[in-house]
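Working notes for the structure below.
The values are calculated or read from the model by the stated rules, or taken from the named source; none is laboratory data. Please read these numbers as outputs of a predicted model, since none were measured by experiment. Cβ: placed from backbone, ideal geometry, glycine included. Neighbour counts: every protein chain shown.
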Amino acid sequence: MNSLARGWARWADLWSTREPAFGWAIFRIGIGLCLLYSMLSILSAGLVDFLWVDVEYGGYRATDPLEILLIDLGPARPGVVNGIFAVTLVGAVCVLLGAGGRIATFVTLQGYLCLTRINFETVGSDDALLTNALWLLFLCDATGTLSLRCRRQTGRWTSDAEVGAWGRYLGVFQLVIVYTFAGLNKTNTQWVPWGKLDGLYRVWMDPVWLRFDMDWVPYVYPLTQVGSAVTWIFETFSWVILLVLYLRHTRDRPGVMRAVFNRWDLRKLFLAVGASLHLGIFATMDVGPFSLVSLTFYVCLFRPDEVSAAFERIGRFVFRRRLATGPIEAPTP
Amino acid sequence: MAHLRAALISLHILAVLILTLPSSRQMLRREVWDRSSNQAAFAALADTFSWLGFESTEDFDRWLWGVATRYVHVRDTISEPLVVYADLAGVRQGWAMFSRPRERPIQLQVDVASSLRYQPIYQTGSREHDFRSRTFRQYRFRKLTGRLARHFDPVWYDPWSRWIARQAADGYPDAKRVRVRLYRHQTLPAEAVRAGEVPKGRFSDRRLYAAGELR
């Protein structure tokens with residue numbers, strides 16, 4: 001077998017790996033919550049018609065015709081738009097609960113795609129991340145455990161079901177794509193370490209996105225410069241995490257770099273910087289569910305047993321704290 | 001099956017990678033290149049090249065323009081067959097937000113008048129004037145406001161401002177007139193803010209409506 005054929009066989013093997021479904025189910029639950037956040041915030045603001053109904057029927061602009069799987073549903077009338085919105089919202093609940101299997105996921109995906117593609121002015125990267133996640137959840141079924149389907153079929157909420165790991169791998173790829181190209185887009189003097197580094201300062205001085213007044217930002221300007229540099233470096237070189245994951249996946253093979261990357265788990269550093277970035281954005285600015293969707297994709301960086309262990313640790317911590325802060329018996333006189 | 005899966009995934013990865021490569025029609029507009037902010041950025045880039053030891057040609061701008069136009073051409077050519085897949089499946093991806101934070105932030109202001117004088121009812125970021133703030137502060141609405149203001153075109157701006165005016169006319173039954181406008185100010189450097197300077201801005205893109213016609 002020549003090296004090309006061997007390489008291809010390894011490549012095919014990689015995408016054929018199977019693993020317990022727990023981590024993938026957590027990803028599904030996270031995406032379901034983000035979908036609900038995205039849709040309920042529109043509903044509660046009374047913006048469904050504004051965003052998606054054609055100007056002829058009460059919207060603010062001429063939207064593209066509604067289309068699902070190349071089937072033309074005609075102009076965006078309020079009844080049709082609201083119908084699609086309602087079905088998609090129910091679908092999002094199904095994704096969250098793991099009900100309805102792939103069909104529910106597919107319906108949710110098509111409904112969300114249909115709505116978000118008819119008015120390009122109001123969509124963002126979070127929508128693309130959500131629809132890409134729904135494709136993965138549809139093609140790589142995530143309802144095997146932690147789901148209503150599991151409960152109905154086995155009588156328990158969890159099972160030992162397995163799932164293809166390729167969905168999780170593609171989740172990591174998607175995350176890396178988002179970051180790397182965000183970094184490339186930021187390659188200008190506002191963000192690069194050899195530039196002015198005033199990117200983050202300018203973001204925080206724009207009142208449009210802020211949750212609260214940040215008048216103090218000019219007084220910590222050097223810190224915002226450090227933040228700008230860290231953001232650009234993290235995003236532009238986020239592809240390194242693919243190398244880290246590959247070297248950890250092939251830990252049995254020789255090599256100095258492999259040994260180093262298996263000794264120190266750089267995923268934790270990636271998680272720490274990325275989570276700080278997104279939680280910082282989420283705490284100071286209202287830019288929608290982008291940070292939460294991105295953080296959900298971080299689940300894909302870890303094997304199901306690692307995700308499961310992390311949840312067990314969190315559970316033990318919360319349970320212990322509850323015990324510690326529980327009701328205290330009155331002292332006997 | 002394993003080989004088919006690997007092949008399909010490979011094609012998907014390739015398509016997403018190519019389609020995510022930055023490309024914008026703005027890159028091919030000479031007037032965008034000639035903007036003072038972009039010219040300053042190019043000058044800084046030329047300095048960086050020199051600092052790194054590359055010989056910076058005298059006409060760096062022309063060289064960069066040639067690279068950019070060739071890049072956009074190649075990118076568009078190789079991505080053309082993949083566009084159908086991306087459009088059908090909706091698998092495009094990007095995150096251009098904050099790539100070039102605005103130097104002149106934009107705020108929305110809505111005023112109504114029941115007599116001669118206008119009273120503000122909504123201002124971006126104001127707790128005092130927060131009419132329909134749940135709607136106007138929703139992140140998609142703010143995103144839209146920013147996009148409309150940045151790429152100003154009355155074709156899109158006018159129906160949007162009219163929709164806002166209609167909300168104001170409905171919310172203030174006594175109002176006779178509604179005014180929708182944008183406030184733009186230059187973000188001051190940190191040292192200027194620390195020295196006590198206050199950013200100066202101006203209103204623009206004002207639209208006036210008779211409230212009765214909106215109801």
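So which residues in segment B:169-215 are aliphatic (A, V, I, L, M) and within 14 Å of another protein chain (Cβ to nearest Cβ), if there are any at all? Answer for segment B:169-215, where residues must be aliphatic (A, V, I, L, M) and within 14 Å of another protein chain (Cβ to nearest Cβ): B:V180, B:L182, B:L188, B:A190, B:A192, B:V193, B:A195, B:V198, B:L214. Selection of segment A:20-57 for residues being under 15 Å from A:I118 (Cβ atoms), in contact with a helix residue (DSSP H, G or I) (Cβ under 8 Å, 6 or more places away or on another chain) and more than 9 Å from chain B (Cβ to nearest Cβ) yields A:V48, A:D49, A:W52, A:V53, A:Y57. Checked against the criterion of being within 7 Å of chain B (Cβ to nearest Cβ), of a type outside the set (S, T, Y), over 22 Å from B:L8 (Cβ atoms) and assigned to a helix (DSSP H, G or I), the candidates A:A182, A:A128 yield just one match: A:A182.
Of the helices (runs of 4 or more DSSP H) that lie entirely inside segment A:228-302, not one contains 3 or more residues that are of a type in the set (D, E). Scanning segment A:1-24 for residues that are touching a residue at least 12 places away in the same chain (Cβ under 8 Å) and either within 13 Å of the chain's Cα centre (by Cα) or not in a helix (DSSP H, G or I) (or both) yields A:W15, A:S16, A:T17, A:R18, A:E19, A:P20, A:A21, A:W24. Of everything in segment A:193-212 that's at the interface with another protein chain (Cβ under 7 Å from one of its Cβ atoms) and not hydrophobic (A, V, I, L, M, F, W, C), which residue is farthest from B:S126 (Cα to Cα)? Ranking the candidates gives A:G195 first.
Of all residues in segment A:262-294, those satisfying the criterion of being more than 14 Å from every other protein chain (Cβ to nearest Cβ) and either aliphatic (A, V, I, L, M) or within 16 Å of the chain's Cα centre (by Cα) (or both) are A:L266, A:L269, A:F270, A:L271, A:A272, A:V273, A:A275, A:S276, A:L279, A:A283. Checking the structure you have, find out if any residue of segment B:17-29 is small (G, A, S), on the phi < 0 side of the Ramachandran plot and in a helix (DSSP H, G or I). The answer is no; no qualifying residue exists. Listed by first and then second residue, the pairs with beta-carbon distance under 9 Å, at least 6 apart or on different chains, first residue in segment A:109-135 and at positive phi, second surrounded by fewer than 23 Cβ atoms within 10 Å (Cβ to Cβ), form an empty list. Remark: pairs (first residue in segment B:72-99, polar (S, T, N, Q); second residue at pLDDT below 80; Cβ separation under 8 Å; 6+ apart in sequence or on different chains) = B:S79/B:S23.
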